[in-house]
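A short worksheet on the structure shown next.
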Amino acid sequence: MREIKFRYELLRGGAYCGLLKAVDRTPRIRCNSTDRLKMLLTASFKPTAYTVDGDPVEIDWLNDEVRPISIIDGVEEPWGVYGFAKPQENTEGPTKTVSVSAYDRGKVMEDSNSEGLIYFPRGTNYTDAVEQLLTAAGISTVFKTATSETLATAREDWKAGTSRLDIANQLLSEISYNPLYFDLSGAAVLEPATVPEAINIKHTLDTSDPDTRVVAGRFTKTRDFFSAPNVFVVNCDNPELGATLSATAVNDNPQSPLSTVRRGRRIARVMNVNNLPSQAAAQAYAARLRNESMISGEVITLETGLLPGWGVGDVVALIHEGEVSICVSQSWTADLCAGGKMTHTLKKVVYNLDV
């Protein structure tokens, strides 16, 4: 039997300043890699935090953050950093609580709207431009994979009031990076979208191994291949670029049931985009669409005990009935309590599927 405890640290300016007391309902975290705001914490806390010595700390619900920490068999792990949204004060007799929905730091970027037109000169490095947006929103810790791609034209194509989150995600998509997300330490992550491979596996789940804590009987599998495209065309016809950029990527992998080889026909998806930095970027964009299509045909849902360290879109090795599959974690929920469960939704890499 594992010993499981939790504490909830109050952060002010990114630094620890006290502890929150969770009450009434079990805190729950929901993570969904396809949402604009990837992670959400719902919980109820006492209206005043406290120091380790028991002294009260007034909570600034507008600016403070909460960091859940699990202590499982003496090992501490963070579960993200969240800013409070819509705190609701509750009173029942002498007892007062505050119910909150708290989002990851993507909410800071979403709330940080441009007051005027945002301008980036031609030649600005893409990840540098995104870092400027993060800095303007007050976010300083960034883990990034550098790129050599730069803006092919001067950019001032966002209306005043546009969320910096939307601008960042548009720029990242143009160089085939993942949408902006925040890791479990609260740092922003800028990284290329890649095909899930064995080298990138972060977790292993074996439905026959009790140490992975997969709950027996809670395993479902669905397949959806209907009208799935296998040819991907990307066009960028921007007069300022001086030339039309066009690229095509074809799923012709005979291992994929979605491929032109296996289906015997071409099903096209055409994407028209406004800006791309280069022909190479156009080809990478088309390849990304093709690669993403090959991890969307089989969805697996299962339940486990609490497994710290699960982030956004992690690559997972799943062993079920002797079959080893590479999957992507599309979403998960976790009940932060002793005996708490996690529910996982995984998307299997379809080109490993034999049907």
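The table below lists the values:
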{"read-out": "Antiparallel DSSP beta bridges within segment 140-273, percent to nearest 5", "value": "50 percent"}
{"read-out": "Mean Cβ neighbour count within 10 Å, used as a protection proxy, ranking 173-179, 300-306 highest first", "value": "173-179, 300-306"}
{"read-out": "Pairs of Lys in the chain closer than 17 Å at Cα, counting only those 8 or more apart or on different chains", "value": "14"}
{"read-out": "Length released on extending from residue 221 to residue 197, taking residue separation times 0.36 nm less the Cα-Cα span", "value": "6.5 nm"}
{"read-out": "15 Å cut-off, amide nitrogen to a point 7 angstrom out along residue 241 Cα→Cβ, residues in segment 157-182", "value": "171-176"}
{"read-out": "With 20 Å bins from 0: P(r) over the chain, alpha-carbon pairs, percent", "value": "26, 52, 21, 1"}
{"read-out": "Protection proxy ranking of 135-145, 312-322 - average other beta-carbon atoms within 10 Å, highest first", "value": "312-322, 135-145"}
{"read-out": "Cβ-Cβ FRET estimate between residue 154 and residue 185, R0 fixed at 30 Å, reported to 0.05", "value": "0.30"}
{"read-out": "Highest-fluctuation residue, 72, 118, 199 considered, GNM on the chain with Cα pairs under 10 Å", "value": "199"}
{"read-out": "Spin-label pair residue 317/residue 337, simplified geometry with 7 Å Cα→Cβ offset, distance in nm", "value": "3.4 nm"}
{"read-out": "Signed unit charges on C-beta, dipole axis of the chain, positive-most listed residue 139, 305, 282", "value": "282"}
{"read-out": "Extension gain from residue 119 to residue 262, taking 0.36 nm per residue of separation minus the Cα-Cα distance", "value": "46.8 nm"}
{"read-out": "Paramagnetic reach from residue 69 (point 7 Å along Cα→Cβ, amide N under 13 Å) across segment 1-25", "value": "5-11, 15-20"}
{"read-out": "Label point distance in nm, residue 1-residue 280, each placed 7 Å from Cα along Cα→Cβ", "value": "5.9 nm"}
{"read-out": "Extended-chain gain in nm, criterion 0.36 nm per residue less alpha-carbon gap, residue 88 and residue 324", "value": "80.4 nm"}
{"read-out": "Relative contact order (%) - segment 74-207, alpha-carbon pairs under 8 angstrom, separation at least six", "value": "26 percent"}
{"read-out": "Span per principal axis, largest first, for the Cα atoms of segment 70-226 (Å)", "value": "55, 53, 40"}
{"read-out": "Most to least packed among 124-131, 263-270, 6-13 [average Cβ atoms within 10 Å]", "value": "124-131, 6-13, 263-270"}
{"read-out": "Residue 61 paired with residue 213, simple spin-label distance in nm, labels 7 Å along Cα-to-beta-carbon", "value": "3.2 nm"}
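Values in this text are rule-based calculations from the coordinates and carry no lab data. Computed from a predicted structure; not experimentally measured. Cβ coordinates were reconstructed from backbone atoms using ideal geometry, including for glycine residues, and neighbour counts include every protein chain displayed.
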